[in-house]
1. Taking 0.36 nm per residue of sequence separation and subtracting the Cα-Cα distance, how much length would be gained by fully extending the chain between Asp68 and Lys157, in nm to one decimal?
2. Using mean Cβ contacts within 10 Å as the protection proxy, how do 145-157, 43-55, 73-85 order, highest first?
3. For a quick protection proxy, order the peptides 62-72, 121-131 by their average other-Cβ count within 10 Å, most packed first.
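No lab work stands behind these numbers, since they all come straight from the coordinates. If you're wondering where the values come from, they're calculated on a predicted model, not measured in any experiment. All Cβ positions, glycine included, derive from the backbone under ideal geometry; neighbour counts span all protein chains shown.
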Amino acid sequence: MCFTTFLMKIFTQDNTTMKNLTLILFAIILIYSCRKPEPIIYTFHDRIIENNSSHSIKIKNLAYYDIDLQKNENFKKEVNGEGESPPQIYGYLIQETDSIEVIYDDTLTVYHGSKHYTMYRDLRRNDMFDLDESQTNGFNHYTYTYTFTDADYEEAKTK
């Protein structure tokens with residue numbers, strides 16, 4: 001039996017069949033519309049670069065930013081979005097950047113991601129950031145922190 005024949009049969013039958021079909025369709029629509037909406041989950045990815053060294057630091061070409069960090073200063077970049085996303089612990093934090101120039105005290109320059117040499121703790125790599133995960137009021141919050149220390153300065157002196 002084709003669909004048009006089926007429809008013709010329903011519309012030509014008695015009123016009871018039509019009422020039953022209408023009630024069934026109404027019940028389906030009612031059940032579907034009574035669903036609770038899915039909660040909106042927001043995810044926050046905060047990137048923090050801390051200078052805990054005893055040197056001033058300039059960072060050039062960090063995802064289109066040039067940053068000056070004095071001793072004990074921080075740089076924070078917030079990326080917020082609707083939807084759930086997992087923490088980004090592998091790969092590269094900054095896709096657009098080939099290498100990042102780091103200058104200590106306006107005199108000593110090293111590159112993270114250079115063709116010739118790179119630092120042990122590459123500033124571009126996600127796994128070099130400390131990750132702190134939390135969830136508050138249904139919001140996922142990931143904080144990635146990269147901390148410059150005097151050990152980074154000492155390594156830079158050997159390059």
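1. 30.1 nm
2. Order by mean packing, descending: 43-55, 145-157, 73-85.
3. 121-131, 62-72
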